[in-house]
Amino acid sequence: MLQPRYPITTERLLLRPFTEADLDAVHAYESRPDVARYLYWQPRDRDTSRTFLDKKITRTAVHDEGDALDLAITLRHTGPDNGRVIGSVLLIWTSKEHRQGEIGYILHPDHHGHGYAAEAARVMLHLGFHDLGLHRITGRLDARNTASARVLEKLHMRREATLIDNEFVKGEWASEAIYAILDTEWAA
């Protein structure tokens, strides 16, 4: 079981559970075509963002296989975005038997290129390996999403596979890249 103490702080970020008050900030990035481009969903209207935010609000602990942490990413520094949600970071416990998990992240494009995704995802790797006792954590993405691939590479995850045209997404065949890291590699 994994029940982190919130908020979780890093050098520049504060990770915390989502609240209903985060709707405007979440919708600000979920409604953007450039954010949804490589994801399974289309840009979301406000009601759809609210529906998915309601789910995120409940994902604060991992008790069993299939559970997830889905945390709001906020900036710690002072300024106009201080405390405002700029994205989300996710850890899913995908297999109890095989001690496996998966990470994911989404950031508002105004905050791309600053290393925030890697900083937040590094926390999820730490929680997965050290607190949940996972053996292997993966990151899956649309193979065209080179920016997200760079984030995973920055975390020392290795590209293990490219599944060519493995899913029909938004009316077209899409290839999927799979990255992974083992607990022994993380410890090194």
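Would you mind finding the one in G66, G83, G104 that is at pLDDT below 95 and of a type outside the set (S, T, Y)? Quick ask: steps written out before the conclusion?
Working: G66 fails: at pLDDT below 95; G104 fails: at pLDDT below 95.
Going through G66, G83, G104 in turn, the sole match is G83.
Would you mind stating whether L71 is touching a Pro at 6+ places or on another chain (Cβ under 8 Å), part of a strand (DSSP E or B), within 20 Å of A25 (Cα to Cα) and at pLDDT 95 or above? Criteria met by L71.
Taken together, E167, E160 contain a single residue that is part of a strand (DSSP E or B), over 29 Å from P43 (Cβ atoms) and free of Cβ contacts under 8 Å to residues at least 24 places away in the same chain, which is E160.
Checked against (1) out of contact with any Ser or Thr (no Cβ under 6 Å at 6 or more places or on another chain); (2) closer than 23 Å to A174 by Cβ, L141 passes all but condition (1). For region 10-36, a tally of residues being farther than 14 Å from S88 by Cα, open to solvent by 40 Å² or more (accessible area, probe 1.4 Å) and in contact (Cβ under 8 Å) with a residue 40 or more places away in the chain returns 4.
The values are calculated or read from the model by the stated rules, or taken from the named source; none is laboratory data. Quick caveat: nothing in here was measured; it's all calculated off a predicted structure. Reconstructed Cβ throughout: ideal geometry from the backbone, glycine too, with neighbour counts over all protein chains shown. For accessibility, only protein heavy atoms count, side chains too; no ligands or nucleic acids. Shrake-Rupley method; radii C 1.70, N 1.55, O 1.52, S 1.80 Å.
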